[in-house]
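Nothing in this text is a laboratory measurement; each read-out follows from the coordinates by a stated rule. The model shown is predicted, which means the values in this text are computed figures rather than measured ones. Using ideal geometry, Cβ is built from the backbone for each residue, glycine included, and neighbour counts are taken over all protein chains shown.
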Amino acid sequence: MHVAEGFGAVADAFRRNFVDPGEDAAAVTVLHRGTRVVDLWGGTDVVNQRPMPEDALMMVASCSKGVTATVLAMLAERGVLDPEQRVAAYWPEFAAAGKDRVTVAMVASHTAGLPYPPVGTGLRGLDLHRGPGVTAALAAAAPLWEPGTAMAYHPVTYGTLLDEIVRRASGHSISHHVRQLIAEPLGVDLWIGLPEQHIHRVVPGLWHEADPMQPNEEAPAPGSYAALRQQFLRENPPMDPDFDDPVETREHYAAERPGIGAITDARALATMYAALLAPVDGVRLIGEDTRTAATAPHTDHVETLVESGTTGPDIRFGLGYQLASPSMPGFGPASFGHTGAGGRLGIADPDYEVALAYLCSRMRNIGPQGDPRWRTLLDAVKQCLETS
């Protein structure tokens, strides 16, 4: 445990979260100007019936998209790919069915019109999330709207599509770049596709509400996006494995799913975001111009289609990063990062020169004002910074 002088209010807020609104296992890490000022963990791993270990890892759901966005920004800065380039320039097969003008930026900003794999592919389970079958199905699919004219959150296909684009442009998967460009230079625990020897460290998440990635009993208007979404969700595999099945659990953790499958800890996630703002132990991931480009709004001018509790209803995007909104209030209007289903959060703010990550195992839907556990922590950090 570590709390720097002047940041005691964050520790108090972290403790309060276990009482109100309640928590099982959780961790929070904060870096200010590249220096770790808070590193806390606590509670109980309910599934494995143990105290939250110091070296615990968690699958962080869509916080993974912020990791993938960082890979995208780093490759763009290196000239490996151009976010404004057409996807078909890297992946010619993708031009099918009217997608020839879809850009990498449209995929990264959830405006490409492919929020789920097409219905009826015959694929099941993890094969709907990664692999040649779903990649080919997405390349052949027609978009659900004219790309670039509307935004609907692409829960898993964000990662599936960008992984193929990155493979075509660089010769390596996003998982490879996560290790080579982020985890190893920063010396942090971060994987998309967890090696088997680390499985015992993972603290599973348990839903205390209905999983928002499962279909509900509502009957949306026929032909609406909401109705189409329900069809997709009926084919979609569960977000989490059956934790009583070690083979299924191992397959889920090992799967390379850059949209939802990152496994990490709060230290790593906060450190990555801090290194987007300033050097951390001498390592800075991207320059100021690249960060500015990656966090410029890409969805403010388009219609937002219905969204679930995985990210909250009022979401905004840059090039893969979520931008400050009611559903991800952050520290202020300059905040960027990504939420993760259940209440996970990784975020940075250049105005406050701060990065924070919060991981939890008691999973709740993210509401229109974000998760109350974040608000407690974010307010405490701001109080500490403003009074220091």
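Determine ³J(HN,Hα), in whole Hz, for all residues of the stretch 21-29 in sequence, where each value follows from phi through the Karplus function 6.51 cos²θ - 1.76 cosθ + 1.60 and θ = phi - 60°; x replaces Gly and Pro.
x, x, 8, 9, 10, 7, 8, 9, 10
Which residue, GLY8, SER62, ALA73, has the largest displacement toward the positive end of the dipole of the stretch 1-99 when charges sit on each Cβ (Lys, Arg +1; Asp, Glu -1)?
Checking the options against the dipole of the stretch 1-99, the answer is ALA73.
Calculate the length of the line joining the C-alpha centroid of the stretch 49-101 to that of the stretch 333-364, in whole Å.
What the calculation gives is 18 Å, centre to centre.
In whole Å, what is the distance between the alpha-carbon centres of the stretch 120-137 and the stretch 1-31?
When both Cα centres are located, 40 Å separates them.
If I fit a long axis through the Cα atoms of helix 157-170 and take the longest principal axis of the Cα atoms of the chain, what angle between them do I get, 0 to 90°, rounded to 10?
80
Where does helix 225-235 land angle-wise versus the long Cα axis of the chain, in degrees 0 to 90, nearest 10?
That works out to roughly 80 degrees.
Which order do the peptides 19-29, 347-357, 238-248 take when ranked by the mean count of other beta-carbon atoms within 10 Å per residue, highest first?
Taking the mean over residues of other Cβ atoms within 10 Å, the ranking is 347-357, 19-29, 238-248.
Pick out, from ALA226, TRP191, ILE165, the residue whose Cα sits farthest towards the positive end of the charge dipole of the stretch 151-252, with +1 on the Cβ of Lys and Arg and -1 on the Cβ of Asp and Glu.
With unit charges placed on the Cβ atoms, the residue in question is ILE165.
If contacts are Cα pairs under 8 angstrom and at least 6 residues apart, what is the relative contact order of the chain in percent? Numbers along the way, then the final one.
Values: 837 pairs, mean separation 96.3, N = 388.
RCO, the chain: 25 percent.
Per-residue counts of other Cβ atoms within 10 Å, averaged by peptide: what ranking do you get for 168-175, 148-155, highest first? Provide the component values of the computation, followed by the final result.
Details: 168-175: 18.2, 148-155: 21.9.
Going from most to least packed, we get 148-155, 168-175.
Excluding GLY22 itself, what net charge comes from residues whose Cβ is under 10 Å from its Cβ, given Lys and Arg +1 and Asp and Glu -1?
Local net charge: 0.
Nothing charged except the Cβ atoms of Lys and Arg (+1) and of Asp and Glu (-1): what's the magnitude of the dipole of the chain about its Cα centre? Round to the nearest 20 debye. Spell out each step's value before the answer.
Numbers: 30 positive and 47 negative charges, 91 e Å.
Around 440 debye, computed over the chain.
Of [x] 27; [y] 36; [z] 42, which one was derived for percent of Cα pairs over 32 Å apart from the structure shown?
The calculated read-out lines up with [x].
Using a basic spin-label model with each label point 7 Å from the Cα along Cα→Cβ, how many nm lie between GLU288 and ASP245?
5.2
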